[in-house]
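Have a look at the structure below, then the notes.
The values are calculated or read from the model by the stated rules, or taken from the named source; none is laboratory data. These numbers were taken from a predicted model, which means no experiment stands behind them. Please note: Cβ atoms are built from the backbone with ideal geometry, for glycine as well, and neighbour counts cover all protein chains shown. The area values use the complete protein model at the heavy-atom level, side chains included, leaving out ligands, DNA and RNA. Shrake-Rupley method; radii C 1.70, N 1.55, O 1.52, S 1.80 Å.
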Amino acid sequence: MKAYERIKYLRKNILKYSQEEFSNRINISRSNLGGIEIGRVNLTDRVINDICREFLVNKNWITEGIEPIFEEANDPFTNEIIKIYTTLNDDNKKYLMGYMHRLLEEQSQQKNNP
């Protein structure tokens, strides 16, 4: 599988995004993404880096096909959170971040007031 085929596989089979959703997340046009996915448009370092940053994908997987697909943390629980987080839309990511900050505040208060 070539790098452009892995991009399509990631988008369609793993993340289950439309071309429109995926391209919006990495700030390129849908038509540009379509061209990348069929090998008509060159896959640039910027696009690869944006995909890796936005979806926490292992760059070696995109470029060389070396697994794991996603960046791995030291524990399976964190890895599962990362995979779920990458599939959330921006509004749900913001909601989740707010919730996590509130949890940290509560945890801090409980520590200070045993």
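Within the range 86-114, being surrounded by 12 or more Cβ atoms within 10 Å (Cβ to Cβ) and modelled with pLDDT under 85 holds for T86, T87.
When L33 is tested against (1) more than 12 Å from A3 (Cβ to Cβ); (2) open to solvent by 40 Å² or more (accessible area, probe 1.4 Å); (3) in contact with a Phe, Trp or Tyr (Cβ under 8 Å, 6 or more places away or on another chain), just one condition goes unmet, and that condition is (2). When we screen L33, L10, L96, L56 for residues that are among the aliphatic types (A, V, I, L, M) and at positive phi, the only hit is L56. Can T78 be described as of a type in the set (S, T, Y), part of a helix (DSSP H, G or I) and exposed (fewer than 12 other Cβ atoms within 10 Å of the Cβ)? Answer is yes for this residue. Only one of the listed residues (I28, I66) is assigned to a loop (DSSP other than H, G, I, E, B) and open to solvent by 80 Å² or more (accessible area, probe 1.4 Å). That residue is I66.
Note on the range 93-109: residues that are of a type in the set (D, E, K, R) and over 28 Å from F55 (Cβ atoms) amount to 2.
Looking at the structure I just gave you, is I38 open to solvent by less than 100 Å² (accessible area, probe 1.4 Å), of a type in the set (V, I, T) and under 19 Å from A3 (Cβ atoms)? For I38, the condition - open to solvent by less than 100 Å² (accessible area, probe 1.4 Å), of a type in the set (V, I, T) and under 19 Å from A3 (Cβ atoms) - is not met.
Restricting the range 35-61 to residues that are part of a helix (DSSP H, G or I) and among the polar types (S, T, N, Q) leaves a set whose member that is farthest from the chain's Cα centre (by Cα) is N60.
Let's see how each residue does on (1) modelled with pLDDT of 95 or more; (2) in contact with a Ser or Thr (Cβ under 7 Å, 6 or more places away or on another chain):
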site	(1), (2)
K8	yes, no
K16	no, no
Q19	yes, no
S29	yes, yes
G35	yes, no
V47	yes, no
D50	yes, no
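For the residues L56, L33, the requirement of being touching a helix residue (DSSP H, G or I) at 6+ places or on another chain (Cβ under 6 Å), over 30 Å from M100 (Cβ atoms) and not small (G, A, S) singles out L33.
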